[in-house]
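The values are calculated or read from the model by the stated rules, or taken from the named source; none is laboratory data. Remember, it's a predicted structure, so these values are computed and weren't measured experimentally. Virtual Cβ from ideal backbone geometry, glycine too; neighbours counted across all protein chains shown.
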C-alpha cells in the first residue's frame, strides 16, 4: 500500500476511534504490518490477568491465532465469542488462541473475561510492547502463526472466526 494512502487510512481510523487513544502514527506506520507475513513472529512476554508472565515460546510447536483487542473496542468485544468457539472446535489439536488486551487498566479486561466466561489465554499489554512488535495500528488485529513460529497471515477488523472457511484454512496448518 502506498504511504499516502496508508496515512489517509490512519487519519480515518483515528477519526473513527479505531486507534488506541493517544496512539500516534510515529509509533507504528500502517504499512509496517505488511512486512510481517513470512517473518518469524516477534517473541513477547506478557502477564496474564493473574500477573503470571507468559512467554510466547510457551506455545512453541503450536499453531497460534494471536488477537490484539481492547474492551473499549466494540468490534473486538463482538468477535470474542467466535474466537472462543474456534478455540473449542480445534482444542487439543495443537492450536491455541491468545487474546492480548491493550487496555491501560487491567480491571475492565478482567471484568469482561469474567462476564463472558472467556477461557482463552488473555494477556495484558498496557505498555503496548508486544503490540508495537506486531505493528498493530487498529483493533482488532489478528495474526496466524504456524508451528514453526512464522506469521502466515493477518487480519485487521472483526472476523467470523468459527465459520467453516476459517476453521478449514486453520485446520490445514494444524494437520
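As for region 147-155, it holds no residue that is out of contact with any strand residue (DSSP E or B) (no Cβ under 7 Å at 6 or more places or on another chain), in a loop (DSSP other than H, G, I, E, B) and within 16 Å of residue 91 (Cα to Cα). On inspection, residue 99 does not qualify as part of a helix (DSSP H, G or I) and either modelled with pLDDT of 95 or more or under 11 Å from the mean Cα position of the chain (by Cα) (or both). Entry remark, region 52-81: residues being at positive phi and at pLDDT 95 or above number 0 in total.
Mind checking which residues of region 91-110 are out of contact with any strand residue (DSSP E or B) (no Cβ under 8 Å at 6 or more places or on another chain) and in contact (Cβ under 8 Å) with a residue 24 or more places away in the chain? Give the steps one after another, and end with the answer.
Within region 91-110, the subset out of contact with any strand residue (DSSP E or B) (no Cβ under 8 Å at 6 or more places or on another chain) is 91-93, 104-105, 107-108, 110.
Once the filter is applied, which keeps residues that are out of contact with any strand residue (DSSP E or B) (no Cβ under 8 Å at 6 or more places or on another chain) and in contact (Cβ under 8 Å) with a residue 24 or more places away in the chain, region 91-110 yields 93, 108, 110.
Screening region 31-41 for residues that are buried (at least 18 other Cβ atoms within 10 Å of the Cβ) and under 22 Å from residue 126 (Cβ atoms) and picking the one that is modelled with the lowest pLDDT gives 33.
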